Amino acid sequence: MFEAITINNTTIAPALFLAPMAGVTNSAFRRLLADFGGYGALFTEMLSASAFLNERPDESTYTKRRDCEGSVIYQFRTSGDENLEAVFEKMATLPHTGIDINLGCPAPEIQQQASGAALFRDFDRLKTVLTRIRRCYSGT
């Protein structure tokens with residue numbers, strides 16, 4: 001195991017990440033883990049890009065974070081139909097270590113929305129989504 005990893009000038013030590021888990025890695029769970037320590041970074045659970053635009057990050061159980069959580073990586077579910085430019089403009093105002101685009105969720109309801117594993121399988125659409133994100137978001 002790596003003792004540390006550096007992402008966008010942020011050193012995460014130990015290089016141990018808690019994976020995003022739908023219905024689990026909300027603010028309360030992340031705060032509970034912070035009391036135990038031993039991790040390098042925590043993920044939020046899968047966030048809907050379109051819902052994120054309508055939430056208040058300081059109040060939402062999905063996005064609310066406290067300093068005790070340390071490094072937090074926000075995971076987004078997107079099909080590419082959302083206003084990604086607005087999503088990442090809003091994201092840039094929040095303290096975070098990085099973002100993660102969910103490309104692995106196999107749940108039928110997620111795939112029916114052209115997200116998760118469905119986005120991963122559609123290489124042309126995925127390339128368009130990533131290009132749009134890179135144009136408006138300079139972080140990791």
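How high is the FRET efficiency from Thr131 to Ala19, r the C-beta distance, R0 25 Å, rounded to 0.05? Using R0 = 25 Å, I get an efficiency of 0.45.
Spin-label model, Ala107/Thr11: points 7 Å from Cα along the beta carbon direction are separated by 3.7 nm.
You can think of it this way: the chain between Lys90 and Cys68 has 5.7 nm of extra reach, that is 0.36 nm per residue less the Cα-Cα gap.
Residues in segment 19-34 carry Karplus couplings, in order, of 5, x, 9, 4, x, 10, 7, 7, 4, 5, 5, 4, 5, 4, 5, 4 Hz; the curve used is 6.51 cos²θ - 1.76 cosθ + 1.60 with θ = phi - 60°, and Gly or Pro positions show x. Comparing Asn102, Asn26, Asn54 in a Gaussian network model of the chain (Cα springs below 10 Å), the most mobile by mean-square fluctuation is Asn54.
Indicate, rounded to the nearest 5 percent, the antiparallel portion of the DSSP beta bridges found entirely in segment 5-136. The answer is about 20 percent antiparallel. Structure remark: mean-square fluctuation, Gaussian network model of the chain, C-alpha springs under 10 Å; the largest value among Thr78, Thr128, Thr44 belongs to Thr128. Here segment 5-136 is treated with +1 on each Lys and Arg Cβ and -1 on each Asp and Glu Cβ, and its dipole about the Cα centre works out to around 220 debye. Considering Cα pairs under 8 angstrom that are at least six residues apart, work out the relative contact order of the chain and quote it in whole percent. Value for the chain: 20 percent.
Based on alpha-carbon positions alone, could you give the equivalent ellipsoid semi-axes of the chain from the gyration tensor, as √(5λ), descending, whole Å? Don't skip to the answer; put the middle values down first.
Values: eigenvalues 118, 54, 49 Å².
In descending order, the three semi-axes are 24, 16, 16 Å.
Quick one: go through segment 81-99 and flag any residue whose amide nitrogen is under 19 Å from the point 7 Å out along the Cα-to-Cβ line of Leu53. Once the point is set 7 Å along Cα→Cβ of Leu53, 81-94 turn out to lie under 19 Å by backbone N, inside segment 81-99.
Values quoted throughout were computed directly from the atomic coordinates according to the rules given, and no laboratory measurement underlies them. All values reported here derive from a predicted model rather than from experimental measurement. Positions of Cβ are generated from backbone atoms using ideal geometry, with glycine treated the same way; all protein chains shown enter the neighbour counts.
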